[in-house]
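What follows is one structure encoded as structure tokens, with my remarks underneath.
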Amino acid sequence: MCGIVGYTGKRQAQGVLYDCLCRLEYRGYDSCGIAVNTPEVQVFKDAGKVHDILQNAPLFKGTAGLGHTRWATCGEPTQINAHPHTDCTGKICLVHNGVINNYSQLLKRLEGNGHKIVSDTDTELIAHLIEEYDKGDLEEAVRLAVKEIEGSYALVVMRSGENTLVVVRQDSPLVIGVGDGEYLVASDVPAILGYTNRVIYLDEGDIGTISPDSLKIRRNGGYIVPLVEKVNWTQDESQKAGYSHYMLKEIHEQPRVIQNTLINMPLPESFNKSEILEQSRKTGILFLACGSSYHAALTARYLVEEHLNIPVRLEVASEFNYMHRLLPCKLAVVLSQSGETADVLRAMRRLKQAGCMVVAITNVAGSTAARLADHTIYTQAGPEIGVAATKSFIAQLIVLYALCFAGASAANIRYQDYLSTMRLLPSVVQSILGSHQNIKDAAVEVAKSKSAFFIGRGINYPIALEGALKLKEISYIHAEGYAAGELKHGPFALLSPETPVLALVSRDQTYEAMLTGLREIKVRRAPLIVIGEAGDEQLGQLADRVISLPSFNRLFNPILFTVVLQLLAYYVALELGCSIDTPRNLAKSVTVE
Ligand code: AGP
């Protein structure tokens, strides 16, 4: 899941490419490169991050070019494997996001035809394929070349000496930014917001030819008049706004995100009559997602089964795609911040083929998930740049809570109160963000450990999973989230004075069982950090450190626990000097299987 860009217009391309790549770096940062037609194509690329590498690039004068930041899939992160890649003549140049599954067959054929393949990447093969078909019409050569590819691809292709770009996409996102006398191409919208907020979302199989003053898009064999859409995100939203990290900025944006998401929620009356709720009452709901979004979906199961009394089935999308029998399901809800996670998109296509109504809860307008779904509900988190999901996760929880309570309010007026109580959440979350020295102190302790456990019961169990994921992905401490009752069925063997346990304790029906669990952990002398409700004296007697939530309706503890765990993970990673926004080996949206 790399980030690709292209530019053709009046400006010097190199500066535009560098700027857009800096905004795409969360998609992968193993290597990067640019190519500019000066008018002969000049390429500069190497292993490493955009800022470190491209600021040392020689100046290429030219108004058309392309660029890439890589998340290595095929071929190690080296200079030769970095994109852009060229054909044997060096005249065909391209960047790619995706994976070619029939790589070895194509390699054998191309080498058999005498092509000199210099890198270990699947991408370079595409340049040689285009070379084979190139009879002067670059778009036609690209169209014929991609017919041979099995896999996913978003491509920007350029021929030396020309300021024309050819773009094509299949199972990998690509947008075109429409400017005055210029066009930009990128893997996603935040990259080009500094130049335009008018975008064209390419559909699966679309191929286009772009020059500074013309744009042609071919869809299903015929040329179309593309729909230019206005994006309501601003460049500022994708800046750090004075924070030292995007993650910290995005954590601090959560009060506003909660407000915006609540304001844009469908009204209870309309939702109650909605086809979605009616269908779910009949057949239950299948929830599908990956990573943090899966933890939000797991939280949804507790909410929907308890408050709507509707049975929920839950699957990790990547596993679901290899389940042979598609059990009867008439309604599926998929959660995906990016709306581009390959495993989720594949599951959506499978469910739609099976005649299932698919609802997407996503954060990105125009994303593939939004366009595939029968109904889309948007979280209003704005662009999320930090690889670790924070505000998008909270926004997903808010949508799920609000939909549940809206659905339940038809039968029980009490839920109307809960919906109004949710409007107080922004200030409660702000109170945690306002003062959290105790979280910083706990982080200093956790930073000393090599591994940690996060435990919770009931609806706090998915939050424990999320807390462990946050710590894992940005601090590289091996953390496991566990249903508290499961710890003694094996993981207890790992408890020691070096393995802190972070426990989420709500004074609900799980309270006594949690206290018993804490005592069992205490006697094994593992450091115990408990996050609990304000004024809970008992916790102080058991825990080495207590982090108290502000007093609020405990129904919303999972949301407050999440903010505490986000801050904890952030300060642990800060203490360890980790690359918080771009953790090693990760990427923001996983567009390959
Ligand atoms: C979470 O912090 C990670 N970035 C990752 O687990 C993420 O949640 C997962 O890749 C799913 O992404 P999506 O919500 O965009 O589909």
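The values are calculated or read from the model by the stated rules, or taken from the named source; none is laboratory data. Everything numeric here is computed off the predicted structure, so don't read it as measured data. We place every Cβ from the backbone using ideal geometry, glycine too, and count neighbours over all the protein chains shown. Accessible surface is based on the protein model in full, side chains and every heavy atom, while ligands, DNA and RNA are left aside. Shrake-Rupley method; radii C 1.70, N 1.55, O 1.52, S 1.80 Å.
Quick notes on this one:
- Additional length obtainable on full extension of the chain from LEU59 to ALA241, 0.36 nm per residue less Cα span: 62.6 nm
- The relative contact order of region 375-453 comes to 15 percent, based on Cα pairs under 8 Å that sit 6 or more residues apart.
- Solvent-accessible heavy-atom area per residue, rounded to whole Å², over region 513-593 at 1.4 Å: 38 Å²
- Averaged per residue, region 1-98 has 33 square angstrom of accessible surface, using a 1.4 angstrom probe with ligands and nucleic acids left out.
- Listed peptides 26-36, 478-488 by packing density, highest first (mean Cβ within 10 Å): 26-36, 478-488
- For region 298-380, applying the loop criterion from DSSP together with a ceiling of 15 other beta carbons within 10 Å to the chymotrypsin sites (Phe, Trp or Tyr not before Pro) yields TYR322.
- FRET E, pair SER496, ASP52, Förster distance 51 Å, beta-carbon r, rounded to 0.05: 0.85
- Nearest-0.05 FRET efficiency for SER420 and GLN279, computed from C-beta distance (R0 30 Å): 0.60
- In this structure region 318-471 gives 34 Å² per residue of accessible area when probed at 1.4 Å with all protein chains present.
- Across every direction, the projection of the convex hull enclosing the Cα atoms of region 52-109 has a mean area of 5.4 nm².
- Of the GluC sites (Glu not before Pro) found in region 96-177, those that fall in a DSSP loop while having at most 14 other beta-carbon atoms within 10 Å are GLU150.
- Full-extension gain in nm, SER211 to ASN113, via 0.36 nm per residue minus C-alpha separation: 32.1 nm
- FRET efficiency estimate (nearest 0.05) - Cβ-Cβ, ALA534 to ASN220, R0 60 angstrom: 0.50
- Expected 222 nm ellipticity per residue - DSSP helices of 4 or more, -39500 (n - 2.57), all of the chain, to 500: -10500 deg cm²/dmol
- The chain - percent of accessible surface contributed by carbon and sulfur, probe 1.4 Å: 51 percent
- DSSP beta bridges in the chain [antiparallel fraction, %, rounded to 5]: 60 percent
- Relative contact order of region 1-104, pairs being alpha-carbon contacts under 8 Å that are 6 or more residues apart, as %: 33 percent
- Checking every one of the trypsin sites (Lys or Arg not before Pro) in region 275-364 against DSSP loop status and a limit of 10 other Cβ atoms within 10 Å picks out ARG325.
- Shape of region 206-261, Cα gyration tensor, a/c cut at 1.5: prolate
- Computed over the chain: relative contact order in percent, which uses C-alpha pairs under 8 Å that are six or more apart: 12 percent
- Residues of region 493-512 falling in the label zone of ARG524, defined by backbone nitrogen less than 15 Å from a point 7 Å along Cα to beta-carbon, are 493-503.
- Added length on full extension, which subtracts the Cα-Cα distance from 0.36 nm per residue, ASN309 to ARG584: 94.8 nm
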